[in-house]
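To keep things clear, I will list the structure first and then write my remarks on it.
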Amino acid sequence: MRKQGDTLLVSCYELGHQPFQLASLYALLRQAGYNPAVVDTAVEPLSDETIRQARFVAISVPMHTALRLGEQIARRIRALNAETHICFYGLYASLNEEYLLQGLIDSAIGGEFEEPLLKLLAALEDGASASIPGVSTPQHSSQPWLQRAPLVQPRRSVLPALDRYARLELNGATRIVGYTETTRGCKHTCQHCPITPIYRGRFFAIPADLALADIRAQVKQGAQHITFGDPDFFNGPAHAMRITSALHREFPGISFDATIKIEHLLKHRHLLPELRANGCAFVVSAVESLNNDVLLRLEKGHTSADIVEAFALMEEAGIALRPSLMPFSPWETLESYLQLLSFFEERHFIEHVDPVHFSIRLLIPPGSALLNAPDAWQWLGKLDPAAYSYRWQHPDPRMDNLQQAISVLVEKAQRAQADPIETFFHIKALAFASAGREMCLSCSINDYGKRKVIPHLTETWFC
Ligand code: SF4
């Protein structure tokens, strides 16, 4: 396992960023005496030769898209090198382990994966077969590992250059983007979130000096902007502010973005001017919906009035707010979907949202807290293990049809690099048609008025 290439670390997708988890695990394994090969299939090929050489392959699956891509790679590995041990690690490995362990992979690790993965490697070297806490296998199921991980500074020199990944578009120019994390997990338990069944309201801080050293290394590689990829940057606001202040002191020209929930933006509003002064270009916030019934059922911790207030606060602070949405859930109505569209149109906020967000449909992975929703019997269907999600149907069939039509529209628009404002109004036209209402598409587009340019990353897909 210790020879160059005996161990292979693969990342398939980390939202257009140079993969943090790969760089971090690589550094840890090097420290432990291994010499892994590292491949990010999002931007580089994985050769048959590399696969044939590997005796242990760890594939990072932190999100649904990564899992789907990881599955394809695992099948290819199985076909080329049947004997190698395949391990999936990350949020979606644990959630879907029951299905994955039926022949596709040999082990799945969730939560703070580093320590169980090191122990698994050691056990494979020794030929030991005892169960390892945190590692699920076909013979033994284990809970996600939630002990503080033995983190080291990620080693990024083995990864493709930062200029091969998503860029920031800011003030008419593009910037090379780096990525780091300052916390893992989340102290909240939103019902639809895949983090909830794994971390169950816990989060872990990554030491500030490690995060800063990682940023420093990426600035050296050319990063001009940093994405803080924490599930919520203000789970530990003092920690976050300490890091952004240090970042700004050392690199005053570097901008950054972070994900912060609406509730935290309101609660920690006094920090927003300092966040801006430290270089914050935009904040992503999981708005999800403007329908208070939906927000309550998801236990989001905010209301539609809070969203309005957050937009105002962020405007005052001079930080762009970029909402992420999940408007297709069993509780959204056609009327509330139309109101959501009106909200963005009337307040001139369309530019704040990538059109794909208006098409997002609730995913219910195995283990989701939503399986216990009191009204689940009304809409929940069977688990589709190969799709890594439960099926569900909206009580109003017009909503399912509308979602499908909008998905197709958005995909086509993305491929054609269509104007996002025009795409928005095409979405609105579909929603109006579903409600049996008419609208003048060209009038709406013309009436929208002057367009704003909101800082954004060039990669729009996100889950
Ligand atoms: S605050 Fe965000 S990351 Fe935390 S549970 Fe809710 S949706 Fe998930």
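The values are calculated or read from the model by the stated rules, or taken from the named source; none is laboratory data. Since the structure is predicted, the reported quantities are computational estimates derived from the model, not experimental observations. A quick note on method: Cβ atoms are made from the backbone with ideal geometry, for glycine too, and the neighbour counts reach across all protein chains shown.
Couple of notes before you dig in:
Results for (1) under 28 Å from Arg148 (Cβ atoms); (2) in contact (Cβ under 8 Å) with a residue 24 or more places away in the chain; (3) hydroxyl-bearing (Ser, Thr, Tyr); (4) touching a Ser or Thr at 6+ places or on another chain (Cβ under 6 Å), shown as yes or no for each residue.
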site	(1), (2), (3), (4)
Ile195	yes, yes, no, no
Asp230	yes, yes, no, yes
Asn235	yes, yes, no, yes
Arg242	yes, yes, no, no
Ile254	no, yes, no, no
Asp257	yes, yes, no, yes
His270	no, no, no, no
Ser289	no, yes, yes, no
Arg297	no, yes, no, no
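- Looking only at residues of segment 358-375 that are free of Cβ contacts under 8 Å to residues at least 40 places away in the same chain and part of a helix (DSSP H, G or I), we find that the one that is surrounded by the fewest Cβ atoms within 10 Å (Cβ to Cβ) is Asn372.
- Among the residues of segment 222-236, not a single one is of a type in the set (Gly, Ala, Ser), away from the ligand (no atom under 16 Å from the Cβ) and under 19 Å from Ile319 (Cα atoms).
- Residue in segment 137-147 that is in the same structural domain as Phe20 (by TED's automatic domain parsing), outside any loop (DSSP other than H, G, I, E, B) and either within 25 Å of the chain's Cα centre (by Cα) or within 25 Å of Asp257 (Cβ to Cβ) (or both) present: no
- Those strands (runs of 3 or more DSSP E) lying entirely in segment 1-97 with at least 2 residues without any contact (Cβ under 8 Å) to a residue 60 or more places away in the chain and either within 29 Å of Ser389 (Cα to Cα) or among the β-branched types (Val, Ile, Thr) (or both): 7-11, 56-60, 85-89
- Matching option when the condition is within 16 Å of the ligand (Cβ to nearest atom) and buried (at least 23 other Cβ atoms within 10 Å of the Cβ), among Thr189, Thr182: Thr182
- Matching residues in segment 379-411 - criterion: being basic (Lys, Arg) and either buried (at least 16 other Cβ atoms within 10 Å of the Cβ) or touching a Ser or Thr at 6+ places or on another chain (Cβ under 9 Å) (or both): Arg398
- Test: residue in segment 421-431 that is in a helix (DSSP H, G or I), surrounded by 19 or more Cβ atoms within 10 Å (Cβ to Cβ) and among the charged types (D, E, K, R): yes
- Segment 150-175, subset in a strand (DSSP E or B) and farther than 16 Å from Gly229 by Cα, residue farthest from the ligand (Cβ to nearest atom): Ala173
- Top-ranked residue in segment 202-236 [being in a helix (DSSP H, G or I) and of a type in the set (Val, Ile, Thr); ranked as nearest to Pro160 (Cα to Cα)]: Val219
Listed here are the residues, each with its yes/no results for (1) of a type in the set (Val, Ile, Thr); (2) touching a helix residue (DSSP H, G or I) at 6+ places or on another chain (Cβ under 9 Å).
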residue: Glu115; (1), (2): no, no
residue: Asp126; (1), (2): no, no
residue: Gln153; (1), (2): no, yes
residue: Leu162; (1), (2): no, yes
residue: Ala166; (1), (2): no, no
residue: Leu170; (1), (2): no, no
residue: Thr182; (1), (2): yes, yes
residue: Cys193; (1), (2): no, yes
residue: Arg202; (1), (2): no, no
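- Unmet criterion (only one of (1) assigned to a loop (DSSP other than H, G, I, E, B); (2) more than 21 Å from Leu95 (Cβ to Cβ); (3) within 16 Å of the ligand (Cβ to nearest atom)) for Gly253: (3)
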